[in-house]
1. Select from region 95-106 the residues that are among the β-branched types (Val, Ile, Thr) and within 23 Å of Ile69 (Cα to Cα) and write down the one among them that is surrounded by the most Cβ atoms within 10 Å (Cβ to Cβ).
2. Restricted to region 114-126, and to residues that are aliphatic (A, V, I, L, M) and in contact (Cβ under 8 Å) with a residue 12 or more places away in the chain, which residue is surrounded by the most Cβ atoms within 10 Å (Cβ to Cβ)?
3. Testing Ala111 on (1) of a type in the set (Gly, Ala, Ser); (2) in contact with a strand residue (DSSP E or B) (Cβ under 9 Å, 6 or more places away or on another chain); (3) surrounded by fewer than 19 Cβ atoms within 10 Å (Cβ to Cβ); (4) free of Cβ contacts under 8 Å to residues at least 40 places away in the same chain, one condition comes back false. Which one is that?
4. Those residues that are buried (at least 18 other Cβ atoms within 10 Å of the Cβ) and among the small types (Gly, Ala, Ser), I need them from region 45-62; list them, please.
5. Among the residues of region 141-150, are any of a type in the set (S, T, N, Q), more than 19 Å from the chain's Cα centre (by Cα) and at pLDDT below 95?
6. Looking at Gly42, is it outside any loop (DSSP other than H, G, I, E, B) and either surrounded by fewer than 19 Cβ atoms within 10 Å (Cβ to Cβ) or without any contact (Cβ under 8 Å) to a residue 60 or more places away in the chain (or both)?
7. Counting just the residues of region 66-84 that are part of a helix (DSSP H, G or I) and in contact with a Leu (Cβ under 8 Å, 6 or more places away or on another chain), which one comes out surrounded by the most Cβ atoms within 10 Å (Cβ to Cβ)?
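The values are calculated or read from the model by the stated rules, or taken from the named source; none is laboratory data. Worth saying up front: this structure is predicted, and the values here are computed from it rather than measured. Ideal geometry is used to build each Cβ from the backbone, glycine not excepted, and the neighbour counts take in all protein chains shown.
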Amino acid sequence: MQISASFVSTLRRYFSVIAGMNLVWEFAHMPLYTLWSTGTAGEIVFAAIHCTGGDILIAMSALMLSLLIFGAGWPLKRSAVYRVVGFTMVTGVGYTVFSEWLNIVVREAWAYSELMPIVPVIDAGLSPLLQWIVIPGLAFAWALHPFRRSVES
């Protein structure tokens, strides 16, 4: 079986946006966590880079799982694109909600500052949820842009 150039190109474009935008997002929302006021500059930089690495692994895992389940025809078949994008984003958001709960409530590995808006019912921070909606959405838009006219229905 041969991997198509369109498949590889799409992955490259997707992960370039995922990596770059998550790094920026991690630094940008750092004031929403207590580490911003309690940590040293080195601890803050380490946390942002460490979390970016985790974000990349989450994005990779979510996309690969989606491709294994729904990927036949991706990125050239519209139905496969919708299924892969949808499942990837739901998986990313779902894992984020779980991870925020685990690391804030159970492990107490990090904490929100008073600046973090909290989403009622799930008691998760708004910023990490938006991170897993906005960034993958933009990454998929960029990754799939070259195929927008050639995608089959």
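1. Checked region 95-106; the qualifying residue surrounded by the most Cβ atoms within 10 Å (Cβ to Cβ) is Thr96.
2. Ala124
3. Of the numbered conditions (1) of a type in the set (Gly, Ala, Ser); (2) in contact with a strand residue (DSSP E or B) (Cβ under 9 Å, 6 or more places away or on another chain); (3) surrounded by fewer than 19 Cβ atoms within 10 Å (Cβ to Cβ); (4) free of Cβ contacts under 8 Å to residues at least 40 places away in the same chain, the odd one out for Ala111 is (4).
4. Ala47, Ala48, Ala59, Ala62
5. Taking every residue of region 141-150 in turn, at least one turns out to be of a type in the set (S, T, N, Q), more than 19 Å from the chain's Cα centre (by Cα) and at pLDDT below 95.
6. Spelling it out, Gly42 is indeed outside any loop (DSSP other than H, G, I, E, B) and either surrounded by fewer than 19 Cβ atoms within 10 Å (Cβ to Cβ) or without any contact (Cβ under 8 Å) to a residue 60 or more places away in the chain (or both).
7. Val84
Yes/no matrix, rows are residues, columns are (1) in contact with a helix residue (DSSP H, G or I) (Cβ under 6 Å, 6 or more places away or on another chain); (2) crowded, with 19+ Cβ neighbours inside 10 Å; (3) not in a loop (DSSP other than H, G, I, E, B):
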residue: Met64; (1), (2), (3): no, no, yes
residue: Thr88; (1), (2), (3): yes, yes, yes
residue: Pro128; (1), (2), (3): yes, yes, yes
residue: Ala139; (1), (2), (3): yes, yes, yes
residue: Trp142; (1), (2), (3): yes, no, yes
residue: His145; (1), (2), (3): no, no, yes
